[in-house]
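Below is one structure, written out as structure tokens, with a few remarks after it.
The values are calculated or read from the model by the stated rules, or taken from the named source; none is laboratory data. Computed from a prediction, not measured in an experiment: that's the story for all the values here. When we count neighbours, we look across all protein chains shown, and the Cβ atoms used for this are built from the backbone with ideal geometry, even at glycine. These area figures cover heavy atoms from the full protein model, side chains too; ligands, DNA and RNA do not enter into them. Shrake-Rupley method; radii C 1.70, N 1.55, O 1.52, S 1.80 Å.
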Amino acid sequence: MEIKLLQLPHEVGVHCTSTSIRDVYLYDGLAISEAAVFGLGSGLGFFYIRKPHESPSVRLNGRALDLEAKFYRNTGYDHFVWEERWSPEAMAHALDRGRPVLAKMDIFHLPYYQPPVHFVMHTVVVAAIDLVARTITVADTASDALLTITLDEFQAAVNVNDPPMMTPYHWAIAPECKPVLHREYILRSLYTTAREMLLPDFEVIGLPAMRRLADEFPAWKNMKDWAWCARFAYQSMEKRGTGGGSFRLLYAAFLEEISTYVPELDDMHAADKMRHIGQQWVDLAQICKTVFVEEDPSGFAAAGRLTAHIADLEARVMQDFLNLAG
């Protein structure tokens with residue numbers, strides 16, 4: 001038997017998680033911008049990981065961990081939890097009660113992403129499950145249309161153990177939505193963003209990881225897959241759901257939108273500073289693109305210098321947020 005949500009609104013957005021939560025809001029009859037979802041979820045961040053036995057062997061990304069849970073917790077949903085178990089029956093029961101299901105996964109196992117590459121923390125909304133045919137239908141930023149895959153493919157995608165990025169079976173029943181653009185929630189999200197960037201819980205995230213990347217960038221030229229690493233870094237900054245500038249331009253739009261509720265942000269020119277930082281990330285991405293297009297790894301040295309400069313700029317803005325919201 002198929003359990004299906006009726007009239008789930010969906011259209012391709014900028015980023016997978018902000019699109020998914022926005023879709024849930026629209027399903028509940030409320031409008032919210034992607035930028036607001038991203039910002040309220042303390043989505044701006046950074047991680048840099050080395051995996052010498054995978055391809056590419058180094059990866060970076062400008063978003064934070066667990067944006068979904070932080071969005072709900074920052075905005076007063078204290079009981080949001082990931083299920084951390086495999087139960088298509090429980091998902092079907094949630095759909096039958098009219099609640100969408102959010103799921104976080106690795107796109108490597110999704111057949112509509114080709115060629116396959118490991119890319120974790122990708123979020124979709126589950127719209128339908130057929131327990132007899134063993135299929136599941138999701139809303140994904142890959143398409144304006146809903147997409148149907150097998151339950152086995154879906155299970156493989158959510159059964160990912162890649163800490164601290166993901167642990168297995170991160171799916172959750174989406175809470176009923178409420179208006180969330182309030183000063184208290186905004187300040188909470190700014191504080192969370194700044195604390196995680198300045199004082200991260202893991203060595204692979206935040207500004208310490210960004211400074212480590214700055215130090216190590218010149219040595220990328222010695223890696224066997226340096227061209228693929230440069231290409232993937234470019235994609236991770238400019239293409240893969242970032243909105244450009246390694247998510248900083250999306251976050252600047254959030255800062256501009258919320259200045260009505262937190263006018264101090266206008267006084268510190270927060271949106272303008274973040275747009276400037278976003279442009280620095282655009283420039284960094286272009287350096288990486290030039291490296292692989294021109295097959296010249298000497299550009300990694302310039303990438304390292306620019307990364308160090310960006311880290312200094314971001315540290316100042318994050319300290320401003322911490323002073324404001326702390």
Those residues of segment 219-275 that are open to solvent by 10 Å² or more (accessible area, probe 1.4 Å), touching a residue at least 60 places away in the same chain (Cβ under 8 Å) and of a type in the set (Ser, Thr, Tyr) come to a total of 1
request  = Kindly indicate whether GLU294 is without any contact (Cβ under 8 Å) to a residue 40 or more places away in the chain and over 29 Å from GLY41 (Cα atoms).
outcome  = yes
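Might you check whether a residue that is among the small types (Gly, Ala, Ser), touching a residue at least 24 places away in the same chain (Cβ under 8 Å) and closer than 29 Å to PHE47 by Cβ occurs anywhere in segment 128-139? Let's see the steps before the verdict.
Filtering segment 128-139 down to residues among the small types (Gly, Ala, Ser) leaves 128, 133, 139.
Within this subset, residues satisfying the condition of being touching a residue at least 24 places away in the same chain (Cβ under 8 Å) are 128, 133, 139.
Remaining after also requiring closer than 29 Å to PHE47 by Cβ: 139.
Within segment 128-139 (the criterion being among the small types (Gly, Ala, Ser), touching a residue at least 24 places away in the same chain (Cβ under 8 Å) and closer than 29 Å to PHE47 by Cβ), the answer is yes, since at least one residue qualifies.
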Taking segment 304-326 and the residues there that are open to solvent by 20 Å² or more (accessible area, probe 1.4 Å) and among the small types (Gly, Ala, Ser), the one that is nearest to ARG211 (Cα to Cα) would be ALA308
Restricting segment 131-167 to residues that are in a strand (DSSP E or B) and modelled with pLDDT under 95, the one most open to solvent (accessible area, probe 1.4 Å) turns out to be ASP162
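Considering only residues that are of a type outside the set (A, V, I, L, M) and at pLDDT 95 or above, look in segment 114-129 and name the one that is surrounded by the fewest Cβ atoms within 10 Å (Cβ to Cβ). Let's see the steps before the verdict.
Filtering segment 114-129 down to residues of a type outside the set (A, V, I, L, M) leaves 114-116, 118-119, 122-123.
Add one more test, that the residue is at pLDDT 95 or above, and what stays is 122-123.
Details: HIS122: 25, THR123: 23.
Across segment 114-129, the extreme among qualifying residues is THR123.
State yes or no: is ARG188 of a type in the set (Lys, Arg), more than 30 Å from GLY29 (Cβ to Cβ) and open to solvent by 10 Å² or more (accessible area, probe 1.4 Å)?
On the way: of a type in the set (Lys, Arg): yes; more than 30 Å from GLY29 (Cβ to Cβ): no; open to solvent by 10 Å² or more (accessible area, probe 1.4 Å): yes.
So ARG188 does not fit the description; no.
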The condition from (1) over 15 Å from THR307 (Cβ atoms); (2) outside any loop (DSSP other than H, G, I, E, B); (3) of a type in the set (Asp, Glu) that GLU295 misses is numbered (2)
Practice task
Take SER20 and decide whether it is of a type outside the set (A, V, I, L, M, F, W, C) and part of a helix (DSSP H, G or I).
Solution key: yes
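Looking only at segment 191-206, filter to residues that are in contact with a strand residue (DSSP E or B) (Cβ under 7 Å, 6 or more places away or on another chain) and assigned to a helix (DSSP H, G or I); which one of those is surrounded by the most Cβ atoms within 10 Å (Cβ to Cβ)?
Restricting to residues being in contact with a strand residue (DSSP E or B) (Cβ under 7 Å, 6 or more places away or on another chain) and assigned to a helix (DSSP H, G or I), the top hit is MET197.
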Within segment 78-98, residues surrounded by 14 or more Cβ atoms within 10 Å (Cβ to Cβ), modelled with pLDDT of 95 or more and either of a type in the set (Ser, Thr, Tyr) or part of a loop (DSSP other than H, G, I, E, B) (or both) come out as TRP82, GLU83, TRP86
